[in-house]
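Peer 1: Have a look at this one before I ask anything.
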Amino acid sequence: MRHNIFTLAAITILLACTSPSQACTGITLKAADGSTVVARTIEWNASDLNSMLVVVPRGYTQRLFSPSGKKDGMELTSKMGYIGLATELEEFIAEGLNEEGLSAGLFYFPAYGEYEKYRPENRSTTVGDLQLVSWILGNFKTVDEVVAAFGGIHVVTIDSRASTAHWRIADKSGRQVVLEIVGGKPVFHENSLGVLTNAPGFEWHSTNLNNYVNLYSGTAVPKDMGAVRLRSFGSGSGMLGLPGDFTPPSRFIRAAFYQSTAPRLATADKTVMQCFQILNNFDIPVGTGIKEGAEIPDIPSATQWTSATDIVGRKIYYRTMYNSDIRCIDLGTVDFAKTKYQVMPLDKVKKQHVTVLNIK
């Protein structure tokens, strides 16, 4: 029974990019006080991902899954405590931050990644893709440490029928990398831009930015075309041609331009709120990814949750499709040497609500 539940969850998560509304969009903003905030969305339009908040104490030991669907893989003892946002199963952390200020997140990467083939003799050094974030957050303090350690592990798929993933990893120095595994080999891309979506590969997206060199903030100046005077219909015409669809290449371009034109705010707290405002533009209505005539699931949005992480301040913020209130977990208030392993739903009540204001 456990194997069946595990397989269903794996397929649900990793097939999440097989239609246009299955997406992840990540951005990065820096505050004037030196803080770095990484933020992202996560989408799945077929059902509720049953997302959870997971608290992992320092010294917590777990046995990782192998491709068999059983917990018979690597034994992982966390050197650092961390907070994670998980989907479907508590073990599948998609985004998180550890007590040393290392952030890691999984983004869907269908058709372009290729992991190693699983070999049972490597079981003690093998990590499944859906648990790689846990391995990163539980073991390391910096991006450099993560990169250096990759020669000692094997990353495999948990379910061969499902999509692959790639990962965003950032630390409190401000350095950020994208990990992609292609042909069984890990490749780390420096991500000075701070944007990440899905397929194709990160280098392709970075090159594709050049196709939009004509875009700029503000309004286009009037121009004469013979005897006719051309004028903008309104403000923002410098961005005319910015792609508006939900595909990963279009979202990457929009995210890059929204991020680059955002003012640098004074503090991390203000920057976190700015990230949520920008990512409002990437909320995906649930019906857009459903074939015409097909049944639409009873969920409010394809964007199931949005998070922002203040890496230096060691705080994770999130909101969900059920509740737009922004909630915060301050890792500085958690004693990871004493706290217990905990799992709780992101939403205690899965029902949208309206607050009625009584005016007298």
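Here, each number is a calculation from the coordinates, and none is a lab measurement. Predicted, not measured: the structure shown is a model, and the values here were computed from it. Because the Cβ atoms are built from the backbone with ideal geometry, glycine has one as well, and the counts that use them run over all protein chains shown.
Peer 1: Once you order the gyration tensor axes a ≥ b ≥ c over the Cα atoms, which shape class does the stretch 147-253 get: rounded for a/c under 1.5, otherwise prolate or oblate by comparing a/b with b/c?
Peer 2: Prolate shape, in that a/c is at least 1.5 and a/b is the bigger ratio.
Peer 1: If r is the Cβ-Cβ distance from residue 208 to residue 338 and R0 is 45 Å, what FRET efficiency results, to the nearest 0.05?
Peer 2: E between residue 208 and residue 338, to the nearest 0.05, is 0.40.
Peer 1: My understanding is that a pair violates if its Cα-Cα distance is over 32 Å; which of 185/338; 270/348; 30/351; 70/350; 70/338 do that in this structure?
Peer 2: 185/338; 30/351
Peer 1: Which aspartates and glutamates have a Cα less than 14 Å from the Cα of residue 141, not counting those fewer than 8 places away in the same chain?
Peer 2: Those aspartates and glutamates meeting the cut-off are 99, 100, 171.
Peer 1: Same structure again: When the chain is modelled as a GNM with alpha-carbon springs shorter than 10 Å, which of 166, 205, 189 fluctuates the most?
Peer 2: Per the Cα network of the chain with a 10 Å cutoff, 189 tops the list.
Peer 1: Pop the C-beta distance of residue 224 and residue 250 into the FRET formula with R0 = 35 Å and round what comes out to the nearest 0.05.
Peer 2: 0.60
Peer 1: Once you have a ≥ b ≥ c as the square roots of the Cα gyration tensor eigenvalues for the stretch 27-95, tell me rounded if a/c is under 1.5, and otherwise prolate or oblate according to whether a/b is larger than b/c.
Peer 2: Here the stretch 27-95 falls in the oblate category.
Peer 1: Connecting C-alpha atoms closer than 10 Å in a GNM of the chain, tell me which of 155, 37, 228 has the biggest fluctuation.
Peer 2: Residue with maximal mean-square fluctuation among 155, 37, 228: 228.
Peer 1: Have a look at 100, 145, 116 and tell me which one the Gaussian network model of the chain (Cα, springs below 10 Å) gives the largest fluctuation.
Peer 2: Result for the chain, Cα springs under 10 Å: 145 fluctuates most.
Peer 1: Right, next: Between residue 348 and residue 298, what length in nm is gained on full extension when 0.36 nm per residue of separation is reduced by their alpha carbon distance?
Peer 2: 16.2 nm
Peer 1: Ok, one more. Between residue 123 and residue 147, what length comes free when the chain is fully extended (0.36 nm per residue of separation minus the Cα-Cα distance, one decimal in nm)?
Peer 2: 6.6 nm
Peer 1: Right, next: So, with +1 on the Cβ of K and R and -1 on the Cβ of D and E, and no other charges, what is the size of the charge dipole of the chain about its Cα centre, to the nearest 20 debye?
Peer 2: 540 debye
Peer 1: Considering only C-alpha atoms, what is the centroid distance from the stretch 60-111 to the stretch 257-278, in Å?
Peer 2: 28 Å
Peer 1: Kindly give the semi-axes, whole Å and largest first, of the ellipsoid equivalent to the stretch 68-137, taking each as the square root of 5 times a Cα gyration tensor eigenvalue.
Peer 2: Semi-axis lengths for the stretch 68-137 are 21, 16, 11 Å.
Peer 1: Here's another thing I want to ask about it. How large is the convex hull of the C-alpha atoms of the stretch 210-322 per residue, in Å³?
Peer 2: In the stretch 210-322, the Cα hull volume divided by residue count equals 166 Å³.
Peer 1: How high is the relative contact order of the stretch 27-81? Use alpha-carbon pairs under 8 Å, at least six apart in sequence, and give a whole percent.
Peer 2: Result for the stretch 27-81 is 25 percent.
Peer 1: Please state the relative contact order of the chain as a whole percent: Cα pairs under 8 Å, 6+ residues apart?
Peer 2: Here the relative contact order equals 24 percent.
Peer 1: So what is the relative contact order for the stretch 156-265, in percent, with contacts set as C-alpha pairs under 8 Å and at least six apart?
Peer 2: Relative contact order of the stretch 156-265: 18 percent.
Peer 1: Rounded to the nearest 20 debye, what is the charge dipole size of the stretch 239-360 about its Cα centre when +1 sits on each Lys and Arg Cβ and -1 on each Asp and Glu Cβ?
Peer 2: 380 debye
Peer 1: Please report the base-10 log of the normalised intensity I(q)/I(0) for the chain, using a Debye sum with one equal scatterer per alpha carbon and no solvent, at each q in 0.07, 0.15 (1/Å).
Peer 2: With one equal scatterer per Cα and no solvent, log10 I(q)/I(0) is -0.31, -1.37.
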